[in-house]
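Down below is the structure, laid out as structure tokens.
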Ligand SMILES: [Ca+2]
Ligand SMILES: [Ca+2]
């Protein structure tokens, strides 16, 4: 039985080899060569296109990373209202000259070290103190930086609602100084912090080459309608919206590499 099976398998195998030989002999060698060459050529072209695409994507990713890394923090004096220092529950007394160092104050405002009677756990977003602004009070700071072209400015401020006071209206404004007057360019007044807590609010402003206020000093203004709004942790940064020289060098290097690679492949064919 086993020998019959082996003989049948041998016959079948021999038949298959015969068919295979015939199939191979039926193929036009010239046509086969051309087809193979075309397949290789197409495969090579696909690989080359894939390499170029991957290289370009890598260059683009690097360029985006470099652009994100170019965000610049603009210094703000007494941004966290930790100066001057008060003990728990302490605040700027009425009539204190220069009540918030670094800020121009109009109306009743100062710095405040709250306790758990004022905010949940006595916690503030940064450090131990906040600014407090009562009825129609405003604090303003003119910054050392000027409004630049093709930039996106992001101003972030934490806004707090005291446990023992109802939350009034407020306004956060980013602007420029024009003829010694503050001119708002962007603002926020829509935040509603939970009772006894702070919420982070953001104001953004993007400049183009046609902006009429380019070169004017940047300024920040914070305002409260009634007793009382608390502000803390004021941060401003800008991000360039045009490629910087480093980005262009990276992109140029990537393109030169691709060109060199293509030349190398053509030579080796
Ligand atoms: Ca603080
Ligand atoms: Ca409240």
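How many angstrom lie between the C-alpha centres of the stretch 226-240 and the stretch 80-138? So the separation of the two Cα centres works out to 14 Å. Estimated at 0.36 nm per residue, the fully extended path between residue 200 and residue 186 surpasses their Cα-Cα distance by 3.4 nm. Considering the stretch 72-240 at the alpha-carbon level, its Rg and Dmax are found to be 15.7, 50 Å. Can you work out the base-10 log of I(q)/I(0) for the stretch 122-208 at q = 0.13 1/Å, using the Debye formula on its C-alpha atoms alone? At q = 0.13 Å⁻¹ the computed log10 ratios are -0.51.
Based on the reciprocal of the average 1/r between different C-alpha atoms, the Kirkwood radius for the stretch 86-146 equals 12.6 Å. Between residue 171 and residue 146, the modelled labels are 2.7 nm apart [label points 7 Å from Cα along Cα→Cβ].
Just so you know, all these numbers are worked out from the coordinates, no wet-lab data involved. Computed from a predicted model, the values in this text were never measured in an experiment. Because the Cβ atoms are built from the backbone with ideal geometry, glycine has one as well, and the counts that use them run over all protein chains shown.
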